[in-house]
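Everything below concerns the one structure shown next.
The values are calculated or read from the model by the stated rules, or taken from the named source; none is laboratory data. What you see is a predicted model; the values in this text were computed from it and never measured. Using ideal geometry, Cβ is built from the backbone for each residue, glycine included, and neighbour counts are taken over all protein chains shown. Surface accessibility is based on the protein's heavy atoms, side chains included, excluding ligands, DNA and RNA. Shrake-Rupley method; radii C 1.70, N 1.55, O 1.52, S 1.80 Å.
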Amino acid sequence: MVTGANSGIGFMISRDLAEIGSNVIMVCRDSSKGEVARREIVERTGNKSVELMICDLSSLASVRDLAQRFKETHNRLHELVNNAGVIMGKRVVTADDMETTFEVNYLSHFLLTLLLLDTLKASAPSRIVNVSSSAHYSGRMVFDDLQEEKNYSAMRSYCQSKLAQVLFTHELARKLEGTRVTVNAVHPGVVRTRWGDEGGAVGIGIRIARPFMLSPEKGAETPFYVAASPDVEGKTGKYWEKKKEKNSSEESYNDNESRLLWVVSTKLAGIDA
């Protein structure tokens, strides 16, 4: 299962998984764009086992619905790639009364992962890949203002969401010890995608820099490697860049912070800690 799969890195990861014969579930927000992307992958790879499932990651109810629909029709899940992401130029609140970047990039993937965890365990060995970013090095968890209500900054919110993904990766890896379910975070590189289209002034800078960025195909290489390579079997709680393990930020190894984030996230997501 790959979120944000109709374009950019998510599309390329889905295509690469299809090429090695995987049964691929493309999670997309827009059904029309998702179906076009699904058909293209089927035509290019010859793999007909490519399925589209619709989910709006700015809605926790939609995430719950996705997990339920998946479980009604599937009893196996070997790879979950939490890829979808946004950056918002101004503070936009979701239907859940949360800041959009935080919910889409982190909290909805947190919820989706935990809702599918029993299936991942039953399918072990299985893998969870959180597509984070080197931007997490600049991130700080501001627990008294996770929703950026006091003084919104597009880049600060984005960096915080990516740090949250890495903290979640480390904490979940500890909790999954002995289950043969691994979880890793990945920096795909600075990739030329539609990411940043809604980023306001930051987005303008991103669009100007796009000609100098990696192609989505190159950006998909490390997430695909961590999701599918035999070389990564059994490795968990790591941060990857250019197909190699790398130290994530100093803050990302703060166990107290990762545990606090876990507790806060379960409350925000409305699930049992």
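Things to note:
- Flag if Tyr152 is within 25 Å of Glu221 (Cβ to Cβ), in contact (Cβ under 8 Å) with a residue 12 or more places away in the chain and either open to solvent by 20 Å² or more (accessible area, probe 1.4 Å) or hydroxyl-bearing (Ser, Thr, Tyr) (or both): no
- Selection within region 56-73: residues that are assigned to a loop (DSSP other than H, G, I, E, B) and farther than 25 Å from Arg39 by Cβ. The member of this set that is farthest from the chain's Cα centre (by Cα) is Ser59.
- Evaluation of Ile128 against (1) open to solvent by 10 Å² or more (accessible area, probe 1.4 Å); (2) within 30 Å of His78 (Cβ to Cβ); (3) modelled with pLDDT of 95 or more; (4) under 18 Å from the mean Cα position of the chain (by Cα) (one fails), failing number: (1)
- Inter-residue pairs, beta-carbon under 8 Å, first within 12 Å of Ser108 (Cα to Cα) and in region 255-273, second exposed (fewer than 14 other Cβ atoms within 10 Å of the Cβ), 6+ apart: Thr266/Asp272; Thr266/Ala273
Every residue, every condition in (1) modelled with pLDDT of 95 or more; (2) surrounded by fewer than 17 Cβ atoms within 10 Å (Cβ to Cβ); (3) part of a helix (DSSP H, G or I); (4) at negative phi, yes or no:
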| residue | (1), (2), (3), (4) |
| --- | --- |
| Ile87 | no, no, no, yes |
| Asp118 | yes, yes, yes, yes |
| Thr182 | yes, no, no, yes |
| Ala185 | yes, no, no, yes |
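- Residue check, Arg140 touching a Cys at 6+ places or on another chain (Cβ under 9 Å), open to solvent by 10 Å² or more (accessible area, probe 1.4 Å) and at pLDDT 95 or above: yes
- Applying the condition of being more than 19 Å from Thr94 (Cβ to Cβ) and polar (S, T, N, Q) to region 143-180 and asking which residue is modelled with the lowest pLDDT yields Asn151.
- The selection criterion, being in contact with a Pro (Cβ under 6 Å, 6 or more places away or on another chain) and not acidic (Asp, Glu), holds for Val131.
- In region 224-250, the qualifying residues are those that are touching a residue at least 40 places away in the same chain (Cβ under 8 Å) and farther than 16 Å from Asn130 by Cβ, and the one that is least open to solvent (accessible area, probe 1.4 Å) is Gly234.
- Put simply, of Met12, Met53, Met26 the only residue that is open to solvent by less than 60 Å² (accessible area, probe 1.4 Å), assigned to a helix (DSSP H, G or I) and over 26 Å from Glu171 (Cβ atoms) is Met12.
- Here region 198-223 is the region considered, the condition is being modelled with pLDDT of 85 or more and farther than 30 Å from Tyr152 by Cβ, and the residue that is surrounded by the fewest Cβ atoms within 10 Å (Cβ to Cβ) is Lys218.
- When the test is whether a residue is at pLDDT 95 or above and either surrounded by 18 or more Cβ atoms within 10 Å (Cβ to Cβ) or out of contact with any Asp or Glu (no Cβ under 7 Å at 6 or more places or on another chain) (or both), Val93 does not pass it.
- Residue check for Arg76: over 28 Å from Ala135 (Cβ atoms), part of a loop (DSSP other than H, G, I, E, B) and either in contact with a Leu (Cβ under 9 Å, 6 or more places away or on another chain) or in contact (Cβ under 8 Å) with a residue 12 or more places away in the chain (or both): yes
- Where Asp96 falls short, out of the listed (1) in a helix (DSSP H, G or I); (2) in contact with a helix residue (DSSP H, G or I) (Cβ under 6 Å, 6 or more places away or on another chain); (3) among the acidic types (Asp, Glu): (1)
- Test for Arg38: is it crowded, with 16+ Cβ neighbours inside 10 Å and either of a type in the set (Lys, Arg) or in a loop (DSSP other than H, G, I, E, B) (or both): yes
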